[in-house]
Amino acid sequence: MQLFLDSTDTAVIADLAATGLVDGVTTNPSLIAKSGRPMLEVIAEICGLVEGPVSAEVAAVDAEGMLAEGRKLASVAENVVVKVPLTRDGLIAVRDFAAEGIMTNVTLCFSATQALMAAKAGATFVSPFVGRLDDHGADGMELIHEIRTIYDNYDFDTDILAASIRNPAHVKAAAIAGADCSTIPPGVFADLIKHPLTDKGLEQFMSDWAKTGQSIL
Ligand code: G3P
């Protein structure tokens, strides 16, 4: 499974990228607004921090506007993925981006039929929003299972990018469901490594080792 960070905080991205476990980054207009920085500047910086795909979302809602904005975003760096909403115009733009060799991430996906249409349009990634479905009393992870089944049935190339992740359990469930990637808030990403029994066991190992008076070096 590829693990992406869902963030525009370049200091945090750099810190976690140092683990070598960050495969890419996703952003969205809300995260760009939260950064308080010019979009092209922060996207360029992020593209320099990670080698993998960096999703940058268009602001236009019409296909022609998306194409113009997307081509500009794609020119920022080779690892830019142009993010478009899962709408009629978004899918029309995806077809043109695919023909031009520009990677795409179709976002705000909330149904299996939407994901089917994104794959038919030639999307590189589709982003089903697990957490927001859960927030509305639906089963967000069931959507990941449905999309996996459909994509495998017809051998679609589009990668399932589980998004709107709220906790490590979402990452585990998405991995079991067969998502190709998860995009994860930095705090949740750090929590993937942690377990209290690991901390307790290590403390005991260190205490017992200290009693030996030995040194390995
Ligand atoms: O950036 C895409 C998605 O992960 C955002 O989800 O629900 O945390 O805003 P959310």
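The values are calculated or read from the model by the stated rules, or taken from the named source; none is laboratory data. Just so it is clear, the model here is predicted, and its values are computed rather than measured. Here the Cβ positions follow ideal geometry from the backbone for every residue, glycine too, while neighbour counts run over all protein chains shown. Each accessible area value is taken on the protein alone, full model and side chains, heavy atoms only, with ligands, DNA and RNA left out. Shrake-Rupley method; radii C 1.70, N 1.55, O 1.52, S 1.80 Å.
Among residues belonging to the range 132-146 that are farther than 17 Å from PRO85 by Cα and either open to solvent by less than 40 Å² (accessible area, probe 1.4 Å) or touching a residue at least 60 places away in the same chain (Cβ under 8 Å) (or both), point out the one that is nearest to the ligand (Cβ to nearest atom).
Just the residues of the range 132-146 that are farther than 17 Å from PRO85 by Cα, to begin with: 134-146.
Next cut, either open to solvent by less than 40 Å² (accessible area, probe 1.4 Å) or touching a residue at least 60 places away in the same chain (Cβ under 8 Å) (or both) only: 140-141, 143-144.
Values: GLY140: 10, MET141: 14, LEU143: 14, ILE144: 13 Å.
Residue satisfying both the conditions and the ranking: GLY140.
Hey, any hits in the range 45-63 for a residue that's in a helix (DSSP H, G or I), open to solvent by less than 70 Å² (accessible area, probe 1.4 Å) and either β-branched (Val, Ile, Thr) or within 16 Å of the ligand (Cβ to nearest atom) (or both)?
Yes.
Checking the conditions here, which among VAL80, VAL94 is under 15 Å from the mean Cα position of the chain (by Cα) and buried (at least 22 other Cβ atoms within 10 Å of the Cβ)? Show your work before the answer.
On the way: VAL94 fails: under 15 Å from the mean Cα position of the chain (by Cα).
Going through VAL80, VAL94 in turn, the sole match is VAL80.
Please work out if LEU21 is touching a Phe, Trp or Tyr at 6+ places or on another chain (Cβ under 9 Å) and open to solvent by 40 Å² or more (accessible area, probe 1.4 Å). Steps first, please.
On the way: touching a Phe, Trp or Tyr at 6+ places or on another chain (Cβ under 9 Å): yes; open to solvent by 40 Å² or more (accessible area, probe 1.4 Å): yes.
Judged against the criteria, LEU21 is a match.
Please enumerate the residues belonging to the range 69-112 that are at positive phi and either among the aromatic types (Phe, Trp, Tyr) or in a strand (DSSP E or B) (or both). Working first, answer last.
Going residue by residue through the range 69-112, those that are at positive phi are 101, 108.
LEU108 - this is the single residue of the range 69-112 that is at positive phi and either among the aromatic types (Phe, Trp, Tyr) or in a strand (DSSP E or B) (or both).
Does the range 1-21 hold any residues that are within 15 Å of the ligand (Cβ to nearest atom) and assigned to a loop (DSSP other than H, G, I, E, B), and which are they?
Correct list: SER7, THR8, ASP9.
Would you mind stating whether LEU161 is open to solvent by 50 Å² or more (accessible area, probe 1.4 Å), among the hydrophobic types (A, V, I, L, M, F, W, C), within 12 Å of the ligand (Cβ to nearest atom) and outside any loop (DSSP other than H, G, I, E, B)?
Values: open to solvent by 50 Å² or more (accessible area, probe 1.4 Å): no; among the hydrophobic types (A, V, I, L, M, F, W, C): yes; within 12 Å of the ligand (Cβ to nearest atom): yes; outside any loop (DSSP other than H, G, I, E, B): yes.
Here the answer is no, as LEU161 does not meet what is asked.
Any residue in the range 51-69 that's among the charged types (D, E, K, R): show its pairings with residues that are part of a helix (DSSP H, G or I) and open to solvent by 20 Å² or more (accessible area, probe 1.4 Å) at Cβ separation under 6 Å, as long as the two are six or more apart or on different chains.
GLU57/PRO29; ASP62/ASP89
Inside the range 172-189, can you point out the residues that are among the hydrophobic types (A, V, I, L, M, F, W, C) and either free of Cβ contacts under 8 Å to residues at least 60 places away in the same chain or open to solvent by 30 Å² or more (accessible area, probe 1.4 Å) (or both)?
As a first pass, look at the range 172-189 and keep what is among the hydrophobic types (A, V, I, L, M, F, W, C): 173-177, 179, 181, 184, 188-189.
Selection gives ALA173, ALA175, ILE176, ALA177, VAL188.
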